[in-house]
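One structure is given below, encoded as structure tokens.
The values are calculated or read from the model by the stated rules, or taken from the named source; none is laboratory data. Please read all numbers here as calculations on a predicted model, not as lab measurements. All Cβ positions, even for glycine, are placed from backbone atoms using ideal geometry, and neighbour counts span all protein chains on display. In case anyone asks, the SASA skips ligands and DNA or RNA and just uses the protein heavy atoms, side chains included. Shrake-Rupley method; radii C 1.70, N 1.55, O 1.52, S 1.80 Å.
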Amino acid sequence: MSDRLPGLLTRRRASLLLVAVVLCLPPFYLDAFWLRIGLFSMAAAIGAIGLALLSGTAGQLSLGHAFFLAVGAYGYAWLAGEPGPGLPPALAALLAVLLAGAAGGLFSPVAARVKGIYLGIATLALVFLGHHVLLTADSVTGGFNGRSVPPLTLGGFGFAQSDPELTVLGVPFGAEERLWFLGLTLFAFTWFTARGLLRGRPGRALVALRDSETAAAVMGVDVARHRSAAFVVSSMYAGLAGVLLALAFRRVVPDYFSLALSVDYLAMIVIGGLGSVAGATAGAVFVTALPLLMTRYADQLPLVTAPGSAEGAVGPTEAARYLYGAAIVLVLLYAPDGLHGLTRRLRDRVRRRHPRTPTPETVVPSPPQPAARPKEHTP
């Protein structure tokens, strides 16, 4: 086993390197539409990973994820814009993430004492409260029409279309191409930190807390503190997703951060697989990309019409909701552990059907067996 471990680590590193190279190629070959889908999917994946830690790993139902995304998005727009403090955009983005975490910390005493459906109802109140604040606090949020989002700059490098022209390998890099690599960096940071958290002691404590609070308390887990910490970490991930969404949309409006967005995030982690970072990512890509693709190809799809074409017709957004609603039902019936569990089972089945034969170099010779001694006759 110890001889196979270096080879396994080498293959894993090679796979990660290959995935990283493939994810860096789209800005050189795809147009702005596909890059926007990728940006929205990466932002959704960051938020879905945070919700997977909270609901899938810690077992805390939350219907208020849209509220924390709004805190991150509007926090950045106000901190970096005018009217507002006009802070440097990088500092404003960091403070917006911390602001979302602080909002989760203010709500964490409720999360530490309430669980199950009651916690879901309590977080549901956050969505309606936040939507009311976004509509009425005109000086900060811009009211019903929202407010524009200042472009991000890091060390003099801008991520806006109006920044100095940049050409890489003969490809002009506009706002989408630049934001692609920013989103990829933030997603990679979220991915590895979440996996490290799940594999460490905090992750094991949260799993024990989800399975049985009584057993977790007997093993020395501080139940209230870990429940609160899970809520704060999830809120910070949502705030980071909100910042990236604001940069990708370039304008934030209150109607986007509604209850429907919270339901979308629950659909992401259910379809992908509760408690799985990879599953949350797959679910986020599916739920985010499906309505955008159906909007673009609405003319070529049966029973789907372009937005605003006729009354009573099924638009692409509604059709997409029907489809991933059906996907949730199918997942709950036939694959309760989501796409991640289904993929894992298929991979194991393929390995059982096609086992790898060891090469002559990897065959470990068996130790020599002692020669059989003839049985002695007893007198």
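Of note:
- When the helices (runs of 4 or more DSSP H) confined to segment 151-253 are screened for residues that are touching a Ser or Thr at 6+ places or on another chain (Cβ under 9 Å), among the acidic types (Asp, Glu) and within 26 Å of PHE67 (Cα to Cα), none reaches at least 2 such residues.
- Scan of segment 102-115 for residues that are touching a residue at least 40 places away in the same chain (Cβ under 8 Å), farther than 30 Å from PHE181 by Cβ and either under 24 Å from the mean Cα position of the chain (by Cα) or open to solvent by less than 20 Å² (accessible area, probe 1.4 Å) (or both), ordered by number: GLY105, PHE107, SER108, ALA111, ALA112, LYS115
- Annotation: of all residues in segment 261-270 being hydrophobic (A, V, I, L, M, F, W, C) and touching a helix residue (DSSP H, G or I) at 6+ places or on another chain (Cβ under 8 Å), the one that is farthest from HIS340 (Cα to Cα) is LEU261.
- Residue that is farthest from VAL232 (Cα to Cα) [pool: residues in segment 76-85 that are open to solvent by 10 Å² or more (accessible area, probe 1.4 Å) and assigned to a helix (DSSP H, G or I)]: ALA80
- Under the condition of being in contact (Cβ under 8 Å) with a residue 12 or more places away in the chain and either more than 25 Å from the chain's Cα centre (by Cα) or crowded, with 17+ Cβ neighbours inside 10 Å (or both), the residues counted in segment 116-141 number 14.
- Of all residues in segment 6-56, those satisfying the criterion of being loosely packed, with under 10 Cβ neighbours inside 10 Å and in a helix (DSSP H, G or I) are PRO6, VAL21, VAL22, TYR29.
- For segment 148-190, filtered to residues that are surrounded by fewer than 18 Cβ atoms within 10 Å (Cβ to Cβ) and of a type in the set (Asp, Glu), the residue that is farthest from VAL277 (Cα to Cα) is GLU165.
- Candidates VAL221, VAL263, VAL285, VAL253, filtered to the one that is surrounded by fewer than 23 Cβ atoms within 10 Å (Cβ to Cβ) and more than 25 Å from THR317 (Cβ to Cβ): VAL221
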